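Down below is the structure, laid out as structure tokens.
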Amino acid sequence: MIIVNDLHKKFGSLHILKGIDLEISKGEVVVVIGPSGSGKSTFLRCLNLLEEPTQGEIKFEGESITGKGHNINKTREKMGMVFQQFNLFPHKTVIDNITLAPIRVKKMDKSKAEAIAMDLLRTVGLEDKRDAYPSQLSGGQKQRIAIARALAMEPHVMLFDEPTSALDPEMVGEVLDVMKKLAERGMTMVIVTHEMGFAREVGDRILFMDQGVIVEQGTPQQVFGSPQHQRTQDFLGKVL
Ligand code: ADP
Ligand code: MG
């Protein structure tokens, strides 16, 4: 589904991503771990072209998305993204937050968009919040709405950048449970997280990034059970 070839990203003279190669299959759940500042967010943002890669190629569903003349907006519609900060529209209700993009961007009927939104609210366990405003929701509820909103565009892949890092501890589980449900339904996902228990349980593959490269990757059993590189061992020694 996604092929990344020798991806580099520089910000001025700062060389942040130093040659990432990766293939992600349909239905795969790839979890990215690594120290702060290692380039995890930059990598995710390059995948959906929120950042323009400095060098290298990204192919999505067989098509180069880094080449000239590519329609970035069409591709972004197929890539849902969920951030640490939920970025819901504060002056819109939950249902309006979820239906806005399908109606505006996909030109979907309001009634159809609302039916899909109600389905998604059931998926994230928040049917009763359809008319609430974001300020009336807890952090965990806001993040579940943000996930529903991303899903409303019927993305082919979901990118998560530390979706539980801004949450109070008691709300982390409810968000991870939603992500686990998506994984079980076969959604292709790339997830940056510090939740190692979740990574081990839900990840098909773990990538360990440090200083702009993928140092090591493998199954959760391989990476957590017998990390091959010193840097991976040091990192896991600190977080586990
Ligand atoms: P991570 O998500 O792994 O913590 P980031 O991808 O956010 O790492 O950042 C990697 C490095 O790139 C950091 O040193 C950060 O300061 C730098 N960086 C990220 N975005 C920018 C930017 N827009 N301009 C300059 N430097 C940036
Ligand atoms: Mg980050």
Q: Output the qualifying pairs, or none if there are none: Cβ atoms under 7 angstrom, residues six or more apart or on different chains, first residue in segment 88-113 and in a loop (DSSP other than H, G, I, E, B), second residue modelled with pLDDT under 95.
A: 105/77
**Q.** Selection count, segment 227-236, where residues are farther than 19 Å from residue 16 by Cβ and open to solvent by less than 60 Å² (accessible area, probe 1.4 Å)
**A.** 3
(Q) For segment 170-192, give me each residue that is of a type in the set (Lys, Arg) and part of a loop (DSSP other than H, G, I, E, B). (A) 185
Q: Give 100, 176, 126 a once-over and let me know the one that is open to solvent by less than 10 Å² (accessible area, probe 1.4 Å), farther than 24 Å from residue 61 by Cβ and more than 16 Å from ligand 2 (Cβ to nearest atom).
A: 126
Q. Which condition breaks for residue 82 when tested against (1) surrounded by fewer than 19 Cβ atoms within 10 Å (Cβ to Cβ); (2) under 30 Å from residue 237 (Cβ atoms); (3) touching a Pro at 6+ places or on another chain (Cβ under 7 Å)?
A. (1)
(Q) Can you pull out every residue in segment 122-152 that is out of contact with any Pro (no Cβ under 9 Å at 6 or more places or on another chain), among the hydrophobic types (A, V, I, L, M, F, W, C) and within 22 Å of residue 165 (Cα to Cα)? (A) 124, 126, 137, 148, 150, 151
(Q) Please go through segment 33-57 and give me each residue that is of a type in the set (A, V, I, L, M) and either more than 16 Å from ligand 1 (Cβ to nearest atom) or touching an Asp or Glu at 6+ places or on another chain (Cβ under 9 Å) (or both), ordered by number. (A) 44
Q. Does residue 19 satisfy the condition of being in contact (Cβ under 8 Å) with a residue 60 or more places away in the chain, touching a Leu at 6+ places or on another chain (Cβ under 8 Å) and within 16 Å of ligand 2 (Cβ to nearest atom)?
A. no
**Q.** Selection count where residues are part of a helix (DSSP H, G or I) and either in contact (Cβ under 8 Å) with a residue 12 or more places away in the chain or under 13 Å from the mean Cα position of the chain (by Cα) (or both), scope segment 193-218
**A.** 6
Q. When you go through (1) among the charged types (D, E, K, R); (2) in contact with a Phe, Trp or Tyr (Cβ under 9 Å, 6 or more places away or on another chain); (3) at pLDDT below 95 one by one for residue 9, which number turns out not to apply?
A. (3)
Q. Given 226, 135, which one is farther than 29 Å from residue 56 by Cα, polar (S, T, N, Q) and in contact (Cβ under 8 Å) with a residue 24 or more places away in the chain?
A. 135
Q. Within segment 76-89, restricting attention to residues that are under 15 Å from the mean Cα position of the chain (by Cα) and either of a type in the set (Val, Ile, Thr) or away from ligand 1 (no atom under 16 Å from the Cβ) (or both), which residue is farthest from residue 190 (Cα to Cα)?
A. 87
Q) Applying the selection to segment 37-63, what residues are loosely packed, with under 14 Cβ neighbours inside 10 Å and either farther than 16 Å from residue 16 by Cβ or within 16 Å of ligand 2 (Cβ to nearest atom) (or both)? A) 37, 61, 62, 63
Q: Using the structure shown, decide if residue 4 is in contact with a strand residue (DSSP E or B) (Cβ under 9 Å, 6 or more places away or on another chain) and within 16 Å of ligand 2 (Cβ to nearest atom).
A: no
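The values are calculated or read from the model by the stated rules, or taken from the named source; none is laboratory data. This structure is a prediction, so every number in the text was calculated from the model and none was measured. Cβ: placed from backbone, ideal geometry, glycine included. Neighbour counts: every protein chain shown. Calculation scope for accessible area: heavy atoms of the full protein, side chains included, ligands and nucleic acids excluded. Shrake-Rupley method; radii C 1.70, N 1.55, O 1.52, S 1.80 Å.
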